[in-house]
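Enquirer: Supplied in C-alpha cells, the structure appears directly below.
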Amino acid sequence: KSCQALMIFLHLVLICRNYKGDVDMAEIDHFLPLLMTQEEEGLTCPIMSHGNVHFLWIKHTNLYLVATTNKNSNASLVYAFLYKVVEVFTEYFTELEEESIQDNFVVVYELLDELMDFGFPQTTDSKILQEYITQEGTKLEVAKTKVPTTVTNAVSWRSEGIKYKKNEVFIDVIESINLLVNANGSVMSSDIVGTVKLKTMLSGMPELRLGLNDRALFALTGRDKGKTVTMEDVKFHQCVRLSRFESDRTISFIPPDGESELMSYRINTHVKPLIWIESVIEKFSHSRVEIMVKAKGQFKKQSVANNVEVRVPVPSDADSPKFKTSTGHAKYVPEKNLAVWTIKSFPGGKEFLMRASFGLPSVENDEMEGKPPITVNFEIPYFTVSGIQVRYMKIIEKSGYQALPWVRYITQSGDYQLRSNF
Amino acid sequence: MEWANQLCENRQFGSKMTDSKYFTTTKKGEIFELKAELNSDKKEKKKEAVKKVIASMTVGKDVSALFPDVVNCMQTDNLELKKLVYLYLMNYAKSQPDMAIMAVNTFVKDCEDPNPLIRALAVRTMGCIRVDKITEYLCEPLRKCLKDEDPYVRKTAAVCVAKLHDINAQLVEDQGFLDTLKDLISDSNPMVVANAVAALSEIAESHPNSNLLDLNPQSINKLLTALNECTEWGQIFILDCLANYTPRDDRESQSICERVTPRLSHANSAVVLSAVKVLMKFMEMLPKDLDYYGTLLKKLAPPLVTLLSAEPELQYVALRNINLIVQKRPEILKHEMKVFFVKYNDPIYVKLEKLDIMIRLASQANIAQVLAELKEYATEVDVDFVRKAVRAIGRCAIKVEQSAERCVSTLLDLIQTKVNYVVQEAIVVIKDIFRKYPNKYESVIATLCENLDSLDEPEARAAMIWIVGEYAERIDNADELLESFLEGFHDESTQVQLQLLTAIVKLFLKKPTETQELVQQVLSLATQDSDNPDLRDRGYIYWRLLSTDPVAAKEVVLAEKPLISEETDLIEPTLLEELICHIGTLASVYHKPPSAFVEGSRGVMHKRLPARTGSGEGTECPDVGNAAGGSAPEAAPSIIPSQGDLLGDLLNLDLAPPTTTGPTPSTSGMQMGGMDLLGGGLDSLLGGDIGGSPAMGAGFGAAPTVMPASLNAPVGGGLGDLFDLGGGVGMPMGAYIPPKTVWLPAMKAKGLEISGTFARRAGVIQMELVLTNKAMSVMTDFAIQFNRNSFGLAPAGPLQVLTPLGPNQTIEVSLPLSTVGPVMKMDPLNNLQVAVKNNIDVFYFSCQYPISMLFVEDGKMERQVFLATWKDIPNDNESQFQIQDCHLNSEAASNKLQGSNIFTIAKRTVEGQDMLYMSIKLSNGIWVLAELKVQAGNPNYTISLKCRAPEVSQCVFQCYEAVLKN
C-alpha cells in the first residue's frame, strides 16, 4: 500500500531495507541519474519514476531518503513517514547524517523493522521506541524481554509508571506571523500560525483539559466574556480526543511525557504587520547601489521585539559596503548576497533607519538575478498577536496530586517577506 | 557491486568504538576468518562476527557463502543477535532456498517463545522469506500467532498474512487465514484492527472483485470506532479502506462523514488527506439542499489550506490534490486565493502548482489581485515559472472577460521588456485572446509585428503566423511577413509549417490578386518537398478545395471559428471522479488513473464516485449552490475531447490554445466543407487514395477558375507512397517497351537525329535516346529539358553525352526521369515536349510515352479495398474498350500485364468467360481499376476501366493493347 522499500543514501546507498521484495533493489541505481537530470533542467520533483518504479524522496541535510513503489501508493503517507523517520533518527542519534548511520547500523536496522512492516508504518513514536530499542545492545538481554504495552495500547504515546517528585507542566504558546507584502506596500497575505507546546513532567496517567479563549467554544457554551479568538483551523497531537473536540470544543488528552507539540492553529484575521519595513533601493548601474530601510515597530509600547534582523538583498556583484544605522548594527553577508541589520532590542512604537551603499563594478553582471524579498526575523515575548490565552489547564490524576501549569507566550516572525522593487 | 567496494575502499571508519568499525574488516579473504568467528564458542565473538557480516551486507558485499554459519547462530537467546541473523536470512534466503529450510525449525520454535518480542520477530521475518518451499511449514506457527494473547504479536501476524498472500495466495485461502484476518477487525486492540484492515485492503487489491473486506454497516461501525483509538498510520489505513465503501443511502453517508470530520484536525497531513478523500467521495451522495452539505463544504477549506504549511513534498501532494478538488467542487476554496500566492523561497514544483490553482480560482472578484501577482512573477528569473506566469495571464483574460483588457495591456507591458522568452509566451497567449475576443484587441498587432524577428520558438512563430493570416486584410504587408517565413520553410517545425500553409491560404483567399505566386509556392512546398504526411494531406486538401470550389474553400478556411472556452486543461469528468477516489495517492499526483502506471491493474475496476441517492435525487434546483456555499450554481463544464479530428484540423485549430474547443460549429458552409472533406476521408479509407485522384479528376475536368493550371498537379505522388498497399515489387516478366521511333528528323535539327523510346526498369523511368550526328561538324554540349507535362516528368539528371559526337557517329543515352517536375495537362495526356540543346542550336520536338511506364510496382490493391473502391467510383467514370485479335488465354494475359505493373487481384469464371480484376497505380497516386473479360476462343477482349480521373482511361487502354499484343 505505501512503499516497497526505503533507502537512505547520499551518493551511495548507506542503508536499505526492502520491505516487500517486489521491487528490484537495483532499480535504485536509476534514482541519482534521474535526479541529476532534473536538477540540470531546474525542475526537480519529489516524485520521479523509472519504468514501473516510482521514487518518492526527501532530502535531509546531504542525505536522500528514498521510498520506492510500483503500486498506486498513498503518497502523502509516504512523505509523512519519511519525515517521521528523520524525526526518529534525529532523536536517537541527535544528527541524522552519514556517520550516525554508519556508527549505529544495527540500531538503524532494528528501528527500520519497528517503524514499518511490509510497507505499513507501525510504531513511530521515538519515546516509545526508546523503551525497547536501545543503543546499548548489551542491555537488551536483561531489560527488554517484554513489549511495552504502550506499543499497542490505545494510548500509544505514554508509558505507565512515570514518576516525578514535583508535578509540573509548562505550556508555551508560540505564534508565528507569515506575511507577504507587495512591492507597492500592500499586504498580499498575512496569517498567524500558532503552536501550543508542552513540557510535561507529570506522574502516572494524568487526564488534562486545556481551556483557551476560543470563540467557537464560547459560542457553544454561551459564556462569551472578554476577548475571544476565532481559529481558522486546528491540528492536534495524536493524544487529543478529536471527536470530543469536534462535539464540544474541549481539548482533552493524556499528554506524552516530556516535550511535545500539543496543537497548532491558523488564524486568518488581518493583523497590522508587527514590524513594518519601508525601503528605497536605488541602483545606479555600473557605479553603486544606495539602500535606505526604515523599520517601524507596530506593536504595543510596553512590548519589546528581541533579536530583530532585517535582511536586505543586494546584487551579487556588489562590493565595498558602507553602513549607517540609527540603532543596532549592519553587516554585509556576501555569500548570501544580503545586508543584515540587527537590532537587539526594538521597543514598540519606535522607528529606526539604516542606510547602506555598495559599489558596483563597471562591467555589469549580465546574468539575470532574481528579486529576493526583504525578510525580517524577530521575537516578541509575553505577547500573542492573536490575543489567544490559556484560560485553564486542568490536571486530574487518580493519585490526586496537585500540579502546576506554567504558561509562556511568545510571538515571532514566520515567513515574513516584503518584496522590494529593486 | 562496485559502489560497495568503493565505499569500503574509500572510507576508513576507524578508531571510534562504534558500529562503524565493522565496516573496516571486510577485506578479501576475510570470509574465511568470519566463518571461523561465526563458529566460535564465545557468544560475544559470535555476535561481533554476525555484525561484521551484516555490515558487509549493508555495503552490498555478497556474504551469502556464510549462510549455514550464520543460520547456526540463530538459536540464541540474545535478542540483538537474533535480529541480526533474521535480517541476514531475509536478504539471502531467496538465493539459498535449500539452506533456508534449515531455519524453519527455529522459526517454529521462536513462535512459541515466552517473550512476545521474539514471537513477533519470528512471525515478521517468516513472511519476508520469499521461498515457496518453506511457506507451508510456516502456516501452523502463523495460525498460533494470529491468536496470540499479546496484541504486539497479533498485529505482526496480521501483516504476515498479507506477506504470505503475496507469495502464495492459494495457500492463504486454503488455510483459512483470510477469515481469521477478518475476525481481527473485531479485535479489542486498535493497532491489531488497523493492521488487519491494512492487510485485507492490500490483499483485496489483487482480488478486485472479491468482497474480501465485506464492508457493511456493522463492520463500518467497528472501523469508525477503531479510528478514534489507533495510531496515525492506522487511521490512514482505516480511512483508505472506508473510502472503498459505498453507503446505502444519504443518511448513512452523512453519519460516516460526521464521524470522519474530526480527523481533519489531525496533525498528520496524510491523515487529513485521507479524511478529505472519504468526505469528498461520500458528500457526493448528500443532497445539496441539506444543511449538513453546506457545513461540510465549509469544514473542508481550512484543513486544505493548512496543508500548505506542511513540508514542501507534502505541500506538493496537497496542491496536486487541491487541483482536483477545485475542479470537482470549486466552491470549497473560492475565497482562498491568497494562500496560493507564490513565495520567493517555494521550491519550483510548489510554485508551478500554485500558479495552476490560482488560474482555476481566478474570478471577477479577485482578478485584480491575481493579475498584480502574475505580473510580479513574470519578472522573476526562473524561466519555467515565468513562462507559466505569462501563460496564466492569458488564461485569466480568457476566463474572466472583464479582465481581458487589463490582461492585454499587462502582456503588452511584458512584451516591452524585450525579454525573449517573455515576449514569445506573450504572443502565444495573445493569439488565444484574439480567438476568444475576435475583433477587439487587434490594435496591438503592430506591436506584435515589431517582435517578429525575435521569435525563435516554434509555438511563438506559429502563433504569430496565425495572427498574420487571420488578420491579413488589416496588415498591409502581410504577404511580405509571411513570405519571409517561407524562405526557411523546410527548417521550420511541423507546427510552423502547418500554420504557414494555412495562413497563406487565408491570405490568398482574402487578397487573391497579389498572392497567387505565394500560395503556389507554399502548396508546392507542402505537397512536393515535404515528407510530413500531415503537411502533405493538408496541402492537398487546400489545393483541392481551391481548385474545385474557391467559394467553398473560403467558407471552410475562413469560417467563423468556434470560440475557445475558459475551461482550460480540465480533467475529463469520469477521470476526475476516479481521481477523487484516489486522493492522496500517486494517481492523484500524476493525475492519471492507476491503470496507466501500475502493472497488472488494467483489468481492475475503475473507482467511481457513488451516485446521489435519497431525497436529493433528481431534485437539485439550480440555486441550491447559493444556499450551500454562497456560490453561483456549478455549471458543469462541458468538455469535448481535444481536437485532432479532421474537421478541427482543417479549421486550423491545431494551434488552438491549450484549451479544448467549443461545440462543433454549425454554419452551413462549414458543414458542407466538413462533409465534403469527410467524403474524401472516406475514400481514403476505402480506396487507399485520399484526395489524390479526385483532385486530379477535378483538375483535369472543369477548367479551374482560380488556380493556374499548373497547380493541378503532382497530386497524390506522396500520398500514393503513404498508402502503399504493398503489392508485389518483383517483375516476373519484362515491362513492355515500345520500339524506338524517330522523334526528331535530322533535317529539322541541323543534322541531329533523335530517336528513342521510354522504359521502366526496376522502378526507374528511363528515356532511351539515340543521337545521330548527320552533319559535317562535331556536336558537343548536349542538354535536355522538358516542358511541363501531365505527370510532372522531368529529367532526373543531365543528359550524359560525355564525348563530342563526331560526324556520322551515333550514341545511345539513357536518361532517368523523375515525376516531380512541374505539371500541366497535355493533350493528348501522354504528350511530352522536349527541348534538346547542343553547341549548334536548340531543337524542339514532341513525343508520346506509353503511360504504362508510370505504373508503379506497388499497384496491387487489397481485394477488399478494390471491391469498395470499385463500388465507390461513380459509373460515369467507367469506360469500355475492345481489344481485338488477342490470342492469349487469361493466365498468359495476366502474367504479361503484371510485367508492366498491371496487377490481377482476382479472377472469376462465369459461363466460360474469365473475368480478371486488376489494379494499376500511377506514379502520381491515381488508381485505375480494370475488369478484363476473356472468353475462350474469342480473340476479342472487353475491358472496363474505372478511375477517378477518367481522362487517363484512354491511355491506359492503349497500354493494355500494346502490352497484350507485343
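The values are calculated or read from the model by the stated rules, or taken from the named source; none is laboratory data. Computed from a predicted structure; not experimentally measured. Positions of Cβ are backbone-derived with ideal geometry, glycine not excepted, and every protein chain shown enters the neighbour counts. To get the accessible areas, we keep the full protein, side chains included, count just its heavy atoms, and leave off ligands, DNA and RNA. Shrake-Rupley method; radii C 1.70, N 1.55, O 1.52, S 1.80 Å.
Enquirer: For B:D549, all conditions in the list (1) touching a residue at least 60 places away in the same chain (Cβ under 8 Å); (2) closer than 23 Å to B:A949 by Cβ hold save one; what is the number of the exception?
Expert: The single condition B:D549 does not satisfy is (1).
Enquirer: While we're here: Being closer than 22 Å to B:V589 by Cβ, at the interface with another protein chain (Cβ under 9 Å from one of its Cβ atoms) and in a strand (DSSP E or B) is the filter here, so list the residues in the stretch A:14-65 that pass it.
Expert: Matches in the stretch A:14-65: A:I47, A:S49, A:H54, A:L56, A:W57, A:I58.
Enquirer: Test each condition in (1) of a type outside the set (V, I, T); (2) in a helix (DSSP H, G or I); (3) within 14 Å of another protein chain (Cβ to nearest Cβ) for B:N105 and report the one that comes out false.
Expert: Among (1) of a type outside the set (V, I, T); (2) in a helix (DSSP H, G or I); (3) within 14 Å of another protein chain (Cβ to nearest Cβ), B:N105 violates only (3).
Enquirer: Do you know which of the residues in the stretch A:246-258 that are open to solvent by 10 Å² or more (accessible area, probe 1.4 Å) and outside any loop (DSSP other than H, G, I, E, B) is farthest from A:Q298 (Cα to Cα)?
Expert: Going through the stretch A:246-258, the residues open to solvent by 10 Å² or more (accessible area, probe 1.4 Å) turn out to be A:246-250, A:254, A:257-258.
Imposing the further condition that a residue be outside any loop (DSSP other than H, G, I, E, B) reduces the set to A:246-248, A:258.
Values: A:E246: 36, A:S247: 38, A:D248: 36, A:G258: 36 Å.
Only one residue fits best here, namely A:S247.
Enquirer: Now for a separate question. Do we have any residue at all in the stretch A:173-184 that's over 23 Å from the mean Cα position of the chain (by Cα) and within 19 Å of B:F340 (Cα to Cα)?
Expert: Checked against the condition, which is being over 23 Å from the mean Cα position of the chain (by Cα) and within 19 Å of B:F340 (Cα to Cα), the stretch A:173-184 yields at least one hit.
Enquirer: Quick check, is B:K51 modelled with pLDDT of 80 or more and buried (at least 20 other Cβ atoms within 10 Å of the Cβ)?
Expert: yes
Enquirer: Of B:P151, B:P116, B:P141, which residue is within 11 Å of chain A (Cβ to nearest Cβ) and either under 24 Å from B:D174 (Cα atoms) or touching an Asp or Glu at 6+ places or on another chain (Cβ under 6 Å) (or both)?
Expert: None of the other options fit; the residue is B:P116.
Enquirer: For the stretch B:239-263, what are the residues that are open to solvent by less than 10 Å² (accessible area, probe 1.4 Å), assigned to a helix (DSSP H, G or I) and within 12 Å of chain A (Cβ to nearest Cβ)?
Expert: Answer for the stretch B:239-263, where residues must be open to solvent by less than 10 Å² (accessible area, probe 1.4 Å), assigned to a helix (DSSP H, G or I) and within 12 Å of chain A (Cβ to nearest Cβ): B:L239, B:C241, B:C257, B:V260, B:T261, B:P262, B:R263.
Enquirer: Can you find even one residue in the stretch A:12-20 that is open to solvent by less than 20 Å² (accessible area, probe 1.4 Å) and at pLDDT 90 or above?
Expert: Within the stretch A:12-20, not a single residue is open to solvent by less than 20 Å² (accessible area, probe 1.4 Å) and at pLDDT 90 or above.
Enquirer: Within the set of pairs 6+ apart or on separate chains, which have a first residue in the stretch A:123-134 that is within 18 Å of B:A194 (Cβ to Cβ), a second that is aromatic (F, W, Y) and surrounded by 22 or more Cβ atoms within 10 Å (Cβ to Cβ), and C-beta atoms under 8 Å apart?
Expert: A:T124/A:F81; A:T124/B:W233
Enquirer: Something else about it: Being touching a helix residue (DSSP H, G or I) at 6+ places or on another chain (Cβ under 9 Å), basic (K, R) and buried (at least 24 other Cβ atoms within 10 Å of the Cβ) narrows it down to one of B:K281, B:K298, so name that one.
Expert: Values: B:K298 fails: buried (at least 24 other Cβ atoms within 10 Å of the Cβ).
Criteria check complete, one pass: B:K281.
Enquirer: Another question, if that's okay. Could you tell me which residue of the stretch B:119-138 is farthest from A:D113 (Cα to Cα), considering only residues that are outside any helix (DSSP H, G or I) and either more than 8 Å from every other protein chain (Cβ to nearest Cβ) or aromatic (F, W, Y) (or both)?
Expert: By that ranking, first place goes to B:V131.
Enquirer: Separate question: Select, from B:G394, B:G294, the only residue that is out of contact with any strand residue (DSSP E or B) (no Cβ under 9 Å at 6 or more places or on another chain), closer than 24 Å to B:E258 by Cβ, of a type in the set (G, A, S) and modelled with pLDDT of 90 or more.
Expert: Exactly one of B:G394, B:G294 is out of contact with any strand residue (DSSP E or B) (no Cβ under 9 Å at 6 or more places or on another chain), closer than 24 Å to B:E258 by Cβ, of a type in the set (G, A, S) and modelled with pLDDT of 90 or more, namely B:G294.
Enquirer: Do you know which residues across the stretch B:328-350 are assigned to a loop (DSSP other than H, G, I, E, B), open to solvent by 50 Å² or more (accessible area, probe 1.4 Å) and facing chain A (nearest Cβ under 9 Å)? Talk me through it step by step, then tell me what you get.
Expert: Start the filter on the stretch B:328-350 by keeping residues that are assigned to a loop (DSSP other than H, G, I, E, B), which leaves B:329-336, B:341-347.
Remaining after also requiring open to solvent by 50 Å² or more (accessible area, probe 1.4 Å): B:330, B:334-335, B:344-345.
Of everything in the stretch B:328-350, those that are assigned to a loop (DSSP other than H, G, I, E, B), open to solvent by 50 Å² or more (accessible area, probe 1.4 Å) and facing chain A (nearest Cβ under 9 Å) turn out to be B:Y344, B:N345.
Enquirer: Do you know which of the residues in the stretch A:376-422 that are assigned to a loop (DSSP other than H, G, I, E, B), open to solvent by 80 Å² or more (accessible area, probe 1.4 Å) and not aromatic (F, W, Y) is farthest from A:K197 (Cα to Cα)? Walk me through how you get there before you give the answer.
Expert: As a first pass, look at the stretch A:376-422 and keep what is assigned to a loop (DSSP other than H, G, I, E, B): A:382-389, A:397-403, A:419-422.
Of the ones still in play, those that are also open to solvent by 80 Å² or more (accessible area, probe 1.4 Å) are A:382, A:389, A:398-399, A:402, A:421.
Checking which are not aromatic (F, W, Y) leaves us with A:389, A:398-399, A:402, A:421.
On the way: A:Q389: 14, A:K398: 24, A:S399: 25, A:Q402: 21, A:N421: 38 Å.
Within the stretch A:376-422, the match that is farthest from A:K197 (Cα to Cα) is A:N421.
Enquirer: Can you tell which of A:E309, A:E335, A:E351 is open to solvent by 70 Å² or more (accessible area, probe 1.4 Å) and touching a strand residue (DSSP E or B) at 6+ places or on another chain (Cβ under 9 Å)?
Expert: On the way: A:E309 fails: open to solvent by 70 Å² or more (accessible area, probe 1.4 Å); A:E335 fails: touching a strand residue (DSSP E or B) at 6+ places or on another chain (Cβ under 9 Å).
It is A:E351.
Enquirer: Out of the residues in the stretch B:29-47 that are out of contact with any Ser or Thr (no Cβ under 9 Å at 6 or more places or on another chain) and acidic (D, E), which is nearest to B:L79 (Cα to Cα)?
Expert: Of everything passing the filter in the stretch B:29-47, B:E44 is nearest to B:L79 (Cα to Cα).
Enquirer: Let me ask something else. Out of everything in the stretch B:809-864 that is assigned to a strand (DSSP E or B) and within 41 Å of the chain's Cα centre (by Cα), what residue ends up being surrounded by the most Cβ atoms within 10 Å (Cβ to Cβ)?
Expert: Applying the filter and picking the extreme gives B:V823.
Enquirer: Yes or no: A:E261 open to solvent by 20 Å² or more (accessible area, probe 1.4 Å) and within 14 Å of another protein chain (Cβ to nearest Cβ)? So that I can check it myself, show each step before the final result.
Expert: Numbers: open to solvent by 20 Å² or more (accessible area, probe 1.4 Å): yes; within 14 Å of another protein chain (Cβ to nearest Cβ): yes.
So A:E261 passes the test.
Rundown of residues vs (1) at pLDDT 85 or above; (2) among the aromatic types (F, W, Y), yes/no style:
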{"site": "B:W3", "(1), (2)": "no, yes"}
{"site": "B:K21", "(1), (2)": "no, no"}
{"site": "B:I31", "(1), (2)": "no, no"}
{"site": "B:Y86", "(1), (2)": "yes, yes"}
{"site": "B:A93", "(1), (2)": "no, no"}
{"site": "B:A100", "(1), (2)": "no, no"}
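Enquirer: Does any residue of the stretch A:203-224 turn out to be charged (D, E, K, R), free of Cβ contacts under 8 Å to residues at least 12 places away in the same chain and surrounded by fewer than 15 Cβ atoms within 10 Å (Cβ to Cβ)? It would help to see each step written out before you state the result.
Expert: Quick first cut of the stretch A:203-224, residues charged (D, E, K, R) only: A:207, A:209, A:214-215, A:223-224.
Those left that are additionally free of Cβ contacts under 8 Å to residues at least 12 places away in the same chain: A:223-224.
Then keep just the ones that are surrounded by fewer than 15 Cβ atoms within 10 Å (Cβ to Cβ); that gives A:223-224.
So far as the stretch A:203-224 goes, yes, one or more of its residues are charged (D, E, K, R), free of Cβ contacts under 8 Å to residues at least 12 places away in the same chain and surrounded by fewer than 15 Cβ atoms within 10 Å (Cβ to Cβ).
Enquirer: Listed residues B:I571, B:I583; which is at pLDDT below 90, closer than 23 Å to B:E284 by Cα and not in a helix (DSSP H, G or I)?
Expert: B:I571
Enquirer: How many residues, within the stretch A:66-105, are in a loop (DSSP other than H, G, I, E, B) and either in contact (Cβ under 8 Å) with a residue 60 or more places away in the chain or under 21 Å from the mean Cα position of the chain (by Cα) (or both)?
Expert: So the first thing to find is which residues in the stretch A:66-105 are in a loop (DSSP other than H, G, I, E, B), and the list is A:70-73, A:94-97, A:104.
Retained after the next criterion (residues that are either in contact (Cβ under 8 Å) with a residue 60 or more places away in the chain or under 21 Å from the mean Cα position of the chain (by Cα) (or both)): A:70-71, A:73, A:94-97.
The qualifying residues number 7.
Enquirer: Which members of the stretch B:173-202 meet the condition of being within 14 Å of chain A (Cβ to nearest Cβ) and within 45 Å of the chain's Cα centre (by Cα)?
Expert: If the condition is that a residue be within 14 Å of chain A (Cβ to nearest Cβ) and within 45 Å of the chain's Cα centre (by Cα), then B:L181, B:V193, B:A194, B:N195, B:A196, B:V197, B:A198, B:A199, B:L200, B:S201, B:E202 are the ones that fit.
Enquirer: Also, quick follow-up: Looking at (1) modelled with pLDDT of 90 or more; (2) over 29 Å from the mean Cα position of the chain (by Cα), can you tell me which one A:L111 breaks?
Expert: (2)
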